[in-house]
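The block underneath contains the structure these notes are about, expressed in structure tokens.
The values are calculated or read from the model by the stated rules, or taken from the named source; none is laboratory data. In this text the structure is predicted, and so the values were computed from the model without any measurement. Cβ atoms come from the backbone with ideal geometry, glycine included; neighbour counts cover every protein chain shown. To get the accessible areas, we keep the full protein, side chains included, count just its heavy atoms, and leave off ligands, DNA and RNA. Shrake-Rupley method; radii C 1.70, N 1.55, O 1.52, S 1.80 Å.
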Amino acid sequence: MAHINLPDLPGIRGPMAFSPATAKPLNELAEMLLRNDNNSLSRGERELIGAYVSSLNDCFFCQNVHGALAGHYLNCGIPEIDAIKKDYASTDISDKMKSLLSIAASVQKGGKYVKKEQIEAAKKLGASDKEIHDTVLIAAAFCMFNRYVDGLATWAPEDRNYYVNRAPQRAEEGYIDFDLYK
Amino acid sequence: MPYISLEAHLPGITGLLEYRKDTAAPIRSLTQVLLRGPSTLSEGERELIATIVSYGNECKFCTAAHTAAADTLLGESNTSQRMKENIVSAPVSEKMKALLEIAALVRQNGKNVTDEAIQKAKKEGATDIEIHDTVLIAALFCLYNRYVDGLATVTPPQPEFYQALADRLVKHGYNRLPQGYDHLKKTATEVK
């Protein structure tokens with residue numbers, strides 16, 4: 001049971017329906033960071049960073065929502081996304097993406113854990129300032145979203161296919177123009 | 001030196017918010033709603049929540065900035081100092097202590113917020129909205145602290161810098177200044 005009396009919706013949708021004034025900027029941030037197309041990182045890559053950080057924070061709802069969205073954009077399924085979350089270094093994602101996930105993992109621990117060498121490695125593999133900026137901010141944002149979802153003890157559907165089945169519709173509607181109750 | 005190219009006269013968070021104004025806009029409005037919007041928690045109390053989280057995350061820039069903001073709003077610096085030393089013996093209400101404890105747990109991880117911590121806050125009179133806002137303020141500062149330190153932004157050593165920043169936050173809140181921040185170029189040179 002959630003810590004406070006929330007509308008009976010899964011995950012972040014409960015607190016968002018409870019507090020529309022804060023839901024609006026939260027969703028605008030997600031839209032700009034994860035879905036806006038004026039970005040050299042693909043939507044799939046950005047969702048993957050979100051899913052990865054959510055798995056490090058052990059947030060079941062967020063890692064499944066954003067893992068399913070990453071899978072939708074990158075044309076892969078739960079096993080491939082799980083393999084990246086478990087040990088991205090041994091998967092066949094690009095070296096640049098690996099260097100960005102390494103930065104995201106450090107951000108999850110704490111901002112000070114990001115080392116100069118990690119930044120230099122990412123730049124050497126072609127990451128731009130903006131891509132590094134966005135990686136850090138996406139990782140930081142998920143440290144917020146995950147805490148919001150779990151800090152209020154929201155509930156989440158256990159069936160992981162629930163998230164996979166919803167991903168195409170979520171991808172199409174985006175983070176701003178959707179009905180929290182659907 | 002910051003890991004990415006930021007404007008030299010804007011240390012800490014401001015340079016980041018000016019670097020990418022399109023992501024800054026929702027971050028600023030979220031902060032404005034949470035820390036300055038209508039609430040049964042005072043602005044000073046909400047700045048204390050921001051301070052305790054930033055302090056726990058060892059983010060020097062955010063800790064100094066929000067300590068100065070809390071002190072300015074409260075008109076004294078004893079409360080923030082003693083809160084950072086020990087929440088339990090801080091000169092704040094029992095309800096506020098319970099909310100600060102919840103914020104400290106959120107900082108570790110959302111899952112660390114216990115039923116006991118929530119029940120204590122409710123027993124001391126905290127409403128659902130106050131608990132919601134406490135959790136989201138704490139979570140938001142977990143974003144800010146990582147953003148500021150994760151890109152190695154500059155932390156000015158001068159206390160006057162944070163007092164000037166706090167005066168701005170108290171007077172103007174968290175929305176972007178309509179005239180931008182070019183007027184700070186002169187100040188930055190003087191401080192150097």
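At-a-glance table
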item: Shielding score for A:132-139, defined as the mean number of other chain Cβ atoms within 10 Å; result: 6
item: Largest to smallest accessible area among A:158, A:120, B:101, A:31 [probe 1.4 Å]; result: A:158, A:120, B:101, A:31
item: Residue mean of other protein chain beta carbons inside 10 Å, A:57-67; result: 1
item: Kirkwood estimate for the range B:12-191, i.e. one over the average of 1/r between Cα atoms, Å; result: 16.6 Å
item: Helix-only mean residue ellipticity at 222 nm for chain B, each DSSP H run of n ≥ 4 adding -39500 (n - 2.57), per residue, nearest 500; result: -21500 deg cm²/dmol
item: ³J(HN,Hα), Karplus 6.51/-1.76/1.60, whole Hz, each residue of the range A:74-86, x for Gly, Pro; result: 8, 6, 9, x, 3, x, 5, 5, 4, 5, 5, 4, 6
item: Shielding by other protein chains, B:126-135, mean Cβ within 10 Å; result: 4
item: Per residue accessible area in Å² of the protein assembly as shown, where ligands, DNA and RNA are left out and the probe is 1.4 Å; result: 42 Å²
item: Three principal axis lengths of the range A:23-173 [C-alpha, angstrom, descending]; result: 40, 30, 29
item: Accessible surface buried upon B-A contact (total; probe 1.4 Å; Å², nearest 100); result: 3600 Å²
item: Relative contact order [Cα under 8 Å, 6+ residues apart], the range A:18-78, whole percent; result: 26 percent
item: With DNA, RNA and ligands ignored, accessible area of residue A:43 (1.4 Å probe; Å², nearest 10); result: 50 Å²
item: Calculated from backbone phi, Karplus (6.51, -1.76, 1.60) coupling profile of the range A:106-119 in Hz, x at Gly/Pro; result: 5, 4, 4, 6, x, x, 5, 6, 6, 9, 3, 4, 5, 5
item: Computed E for residue A:162/residue A:24 - FRET, C-beta separation, R0 25 angstrom, nearest 0.05; result: 0.45
item: Ellipticity estimate at 222 nm from DSSP helix runs (n ≥ 4, -39,500 (n - 2.57)) divided over chain A, nearest 500; result: -20500 deg cm²/dmol
item: Accessible surface of the range B:12-191, 1.4 Å probe, proportion on carbon and sulfur as whole %; result: 54 percent
item: Accessible carbon and sulfur surface of the range A:23-173 relative to its total accessible area, %, 1.4 Å; result: 50 percent
item: Nearest 10 degrees, 0 to 90: helix B:21-36 Cα axis against chain B principal axis; result: 40 degrees
item: Phi-based couplings in Hz for the range B:58-71 (Karplus 6.51, -1.76, 1.60; Gly and Pro marked x); result: 6, 8, 5, 4, 5, 4, 5, 5, 7, 4, 5, 5, 4, 4
item: Net charge of Cβ neighbours under 12 Å - reference residue A:54; Lys, Arg +1; Asp, Glu -1; result: -1
